[in-house]
Ligand SMILES: CC(C)(COP(=O)(O)OP(=O)(O)OC[C@H]1O[C@@H](n2cnc3c(N)ncnc32)[C@H](O)[C@@H]1OP(=O)(O)O)[C@@H](O)C(=O)NCCC(=O)NCCS
């Protein structure tokens, strides 16, 4: 268990190399470098990194469109998982959504992703729908999970 010596801050283009490494380790459908660079210029998007003593250990992002926020990605380097970083990133993204006057936040998750499902449940996300065959690598459905923001 790490102590809480990580900080959360906005992602910059200089972070993308490390983000790409974590992306490749964590996802079977990783986003490209160009996607992330584009997201950093997207005025609807907010991307954060978890910086542990100068090393990028995780990251996450949201889009906020009017009253609805959408988590686009959240990932923690396997070397740093189960130390509270995923929860901290989610909570900071939720606060960013509140600051933009969003009243709800939603995300998609694979039914097979036990770690993420457990984390989202602990953070009070509830299943609110299904997208059939959403994931193009294996045709897995996506569970839509929602949380109301107060
Ligand atoms: C999902 C993910 C971001 C969680 O990050 P994390 O930093 O490990 O999360 P936390 O340490 O804050 O854990 C929060 C809770 O999730 C649960 N959890 C985390 N990892 C778990 C695992 N491997 N198995 C079961 N439960 C797990 C625990 O209940 C934990 O609570 P606890 O610390 O009180 O036990 C991380 O596993 C990850 O990057 N996975 C790969 C990418 C991914 O699937 N992203 C989500 C896409 S929808």
Identity of the residue in region 2-16, without any contact (Cβ under 8 Å) to a residue 40 or more places away in the chain and touching a strand residue (DSSP E or B) at 6+ places or on another chain (Cβ under 9 Å), that ends up nearest to the ligand (Cβ to nearest atom): 10
Residue satisfying all of: in region 70-90; touching a strand residue (DSSP E or B) at 6+ places or on another chain (Cβ under 9 Å) and part of a helix (DSSP H, G or I); farthest from residue 48 (Cα to Cα) among these: 79
Residue in region 91-107 that is nearest to the ligand (Cβ to nearest atom), counting only those that are assigned to a strand (DSSP E or B) and buried (at least 20 other Cβ atoms within 10 Å of the Cβ): 107
Pairs with Cβ under 9 Å, 6+ apart, first in region 78-96 and at positive phi, second assigned to a loop (DSSP other than H, G, I, E, B): 82/1; 84/1; 84/2; 84/4
Output for region 17-51, where each listed residue is in contact (Cβ under 8 Å) with a residue 24 or more places away in the chain, touching a helix residue (DSSP H, G or I) at 6+ places or on another chain (Cβ under 8 Å) and farther than 12 Å from residue 61 by Cβ: 25, 26, 37, 50
The lone exception for residue 29 - which of (1) under 21 Å from residue 142 (Cβ atoms); (2) within 14 Å of the ligand (Cβ to nearest atom); (3) in contact with a strand residue (DSSP E or B) (Cβ under 9 Å, 6 or more places away or on another chain); (4) not in a strand (DSSP E or B) it fails: (3)
Verdict on residue 114 being near the ligand (Cβ under 8 Å from one of its atoms), touching a strand residue (DSSP E or B) at 6+ places or on another chain (Cβ under 7 Å) and over 20 Å from residue 18 (Cα atoms): no
Tabulated pairs, region 109-135, first closer than 22 Å to residue 87 by Cα and assigned to a loop (DSSP other than H, G, I, E, B), second within 8 Å of the ligand (Cβ to nearest atom) and at pLDDT 95 or above, C-beta under 6 angstrom, 6+ apart or interchain: 123/90
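The values are calculated or read from the model by the stated rules, or taken from the named source; none is laboratory data. From a predicted model like this one, the values you see are computed outputs, not experimental measurements. Here Cβ is always computed from backbone atoms with ideal geometry, including for glycine, and neighbour counts include all displayed protein chains.
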